[in-house]
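See below for the structure under consideration.
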Amino acid sequence: MEKGLDAIRQRISVRSYAEKEVEPEQRKLLEQLCVKYENGGPYRTAVRFRLLDLEPLSSSDLRRMGTYGVIKGARLYILSAAHSGKGAMEDLGYCLENIILGATTLGLGTCWLGGTFKRGAFAAQMELAEDELLPAITPVGYPAVEKSVTERVMRFGAGSNRRKPWPELFFKSDGVTALPESESGTFKEAYEAVRMGPSASNKQPWRLLLDQQGVTHLYLKENKIYNRMMGKLRLQLVDMGIAMCHFEVAARELNLPGAWNTSHKGPRIAGLQHIASWQ
Ligand SMILES: Cc1cc2nc3c(=O)[nH]c(=O)nc-3n(C[C@H](O)[C@H](O)[C@H](O)COP(=O)(O)O)c2cc1C
């Protein structure tokens, strides 16, 4: 069964949730996913997750927390914590996206939130250590039948239904010539899995380069102003972790060999920052 690839194809950001409480059995599975991916990223940095139920919180706590009206009706949230060193944001993206794909397989909706939530109040619930950051959270629950107006506006604003075409994302070893789908060989599905991924403001900053030895190199095409808006929280590095998760999920399900090498130096390409290589 290709569960991970199915989840990659099915997942979309859900911002309106049904009243129905998440079944205890599914909640337990979510807790297990949070534990499974603790410190589980390709850079091996310390990341952790917490499933937070808003229901038992005091009304004064609840007043402080919120998503500026972006998320409607969610009672459960997954909170994250990471440090600010090399690889931390990528690890966070990789691990939380794996949890999100697991939730999708359980029939639950999620939505990456890196900006539109009251970070301080959620951070208090995560009991952050001094050097920890809370880069992102996601609500989790059953999708409502109707999307809220805010949700429709946000999807339209970010162009969430669209993805960049292959020639803008995937290249041959010179980093300039587009890689035709027909020349991507057995890795075609893995490239497509990266293309379908969620990204902050749907900017899709990932670029893949297939070299003559069959090695795939992952690069960031950074939007510097956007990416550095929130200081140490580089959301486009979180996007890179999401890309690494999707590529790996596809590769594993298709029995393709390889693993992410995070210390490999990829070919130098002007305007692109090398992140990791699949070898
Ligand atoms: C790192 C990251 C941060 C995001 N932050 C927000 C956010 O703060 N608020 C929001 O409504 N959506 C947020 N999104 C969701 C994106 O807008 C969404 O993934 C993108 O538009 C593609 O749509 P889709 O997820 O439905 O495929 C974020 C996504 C990612 C990956």
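Are any residues in region 99-136 among the aliphatic types (A, V, I, L, M) and within 9 Å of the ligand (Cβ to nearest atom), and if so, which ones? If you could, list the steps in order and put the result at the bottom.
Filtering region 99-136 for residues among the aliphatic types (A, V, I, L, M) gives 99-101, 103, 106, 108, 113, 121, 123-124, 126, 128-129, 133-134, 136.
Scanning region 99-136 gives L113, A136.
Could you please tell me which pairs satisfy a Cβ distance under 9 Å, a separation of 6+ or placement on different chains, a first residue in region 256-279 that is of a type in the set (V, I, T), and a second residue that is in a loop (DSSP other than H, G, I, E, B) and crowded, with 18+ Cβ neighbours inside 10 Å?
Between residues of region 256-279 that are of a type in the set (V, I, T) and residues that are in a loop (DSSP other than H, G, I, E, B) and crowded, with 18+ Cβ neighbours inside 10 Å, the close pairs are T262/P42; T262/Y43; T262/G87; I269/G175; I275/T262; I275/G266.
Residue by residue, here is whether (1) touching a residue at least 24 places away in the same chain (Cβ under 8 Å); (2) in a loop (DSSP other than H, G, I, E, B); (3) within 12 Å of the ligand (Cβ to nearest atom) holds:
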| residue | (1), (2), (3) |
| --- | --- |
| T150 | yes, no, yes |
| F156 | no, no, yes |
| L209 | yes, no, no |
| Q213 | no, yes, no |
| M229 | no, yes, yes |
| Q236 | yes, no, yes |
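If A81 meets every condition in (1) surrounded by 19 or more Cβ atoms within 10 Å (Cβ to Cβ); (2) in contact with a Gly (Cβ under 9 Å, 6 or more places away or on another chain); (3) under 13 Å from T138 (Cα atoms) apart from one, which number is that one?
(2)
How many residues does region 115-148 hold that are in a loop (DSSP other than H, G, I, E, B) and crowded, with 18+ Cβ neighbours inside 10 Å?
7
Which one of these does Y219 not meet: (1) touching a strand residue (DSSP E or B) at 6+ places or on another chain (Cβ under 7 Å); (2) assigned to a loop (DSSP other than H, G, I, E, B); (3) among the hydroxyl-bearing types (S, T, Y)?
Going through (1) touching a strand residue (DSSP E or B) at 6+ places or on another chain (Cβ under 7 Å); (2) assigned to a loop (DSSP other than H, G, I, E, B); (3) among the hydroxyl-bearing types (S, T, Y) one by one, Y219 breaks only (2).
Restricting to region 145-183, what's the tally of residues that are more than 30 Å from T67 (Cα to Cα) and of a type outside the set (A, V, I, L, M)?
Within region 145-183, residues that are more than 30 Å from T67 (Cα to Cα) and of a type outside the set (A, V, I, L, M) number 15.
Results for (1) under 21 Å from C95 (Cα atoms); (2) modelled with pLDDT of 95 or more, shown as yes or no for each residue.
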residue: L169; (1), (2): no, yes
residue: G175; (1), (2): no, no
residue: S182; (1), (2): no, no
residue: A200; (1), (2): yes, yes
residue: L208; (1), (2): yes, yes
residue: Y226; (1), (2): no, no
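Tally the residues that are buried (at least 23 other Cβ atoms within 10 Å of the Cβ) and in contact with a strand residue (DSSP E or B) (Cβ under 6 Å, 6 or more places away or on another chain), restricting the search to region 237-258.
Total satisfying the criteria: 3.
Every residue in region 170-191 that is buried (at least 20 other Cβ atoms within 10 Å of the Cβ) and either within 16 Å of the ligand (Cβ to nearest atom) or among the small types (G, A, S) (or both), please.
A190
Checking the condition at pLDDT below 95, closer than 20 Å to G40 by Cα and among the acidic types (D, E), which residue from D61, D131 passes?
Just a single option satisfies the conditions, and that option is D131.
I'm trying to understand the selection: among the residues of region 5-36, which are closer than 20 Å to E248 by Cβ, away from the ligand (no atom under 16 Å from the Cβ) and crowded, with 17+ Cβ neighbours inside 10 Å?
L33, C34 - these are the residues of region 5-36 that are closer than 20 Å to E248 by Cβ, away from the ligand (no atom under 16 Å from the Cβ) and crowded, with 17+ Cβ neighbours inside 10 Å.
Filter region 215-227 down to the residues that are without any contact (Cβ under 8 Å) to a residue 12 or more places away in the chain and of a type in the set (K, R) and list them by number.
The answer is K224, and nothing else.
Restricting the first residue to region 181-199 and requiring it to be assigned to a helix (DSSP H, G or I), which pairs with a second residue that is among the hydroxyl-bearing types (S, T, Y) and crowded, with 21+ Cβ neighbours inside 10 Å meet a Cβ separation below 9 Å and a spacing of at least six or different chains?
Correct list of pairs: E181/Y191; F187/T216; A190/T216; Y191/T216.
The values are calculated or read from the model by the stated rules, or taken from the named source; none is laboratory data. Treat the numbers as computed from the prediction; the structure is a model and nothing was measured. As a convention, Cβ positions derive from the backbone with ideal geometry for all residues, glycine included, and neighbour counts pool all protein chains shown.
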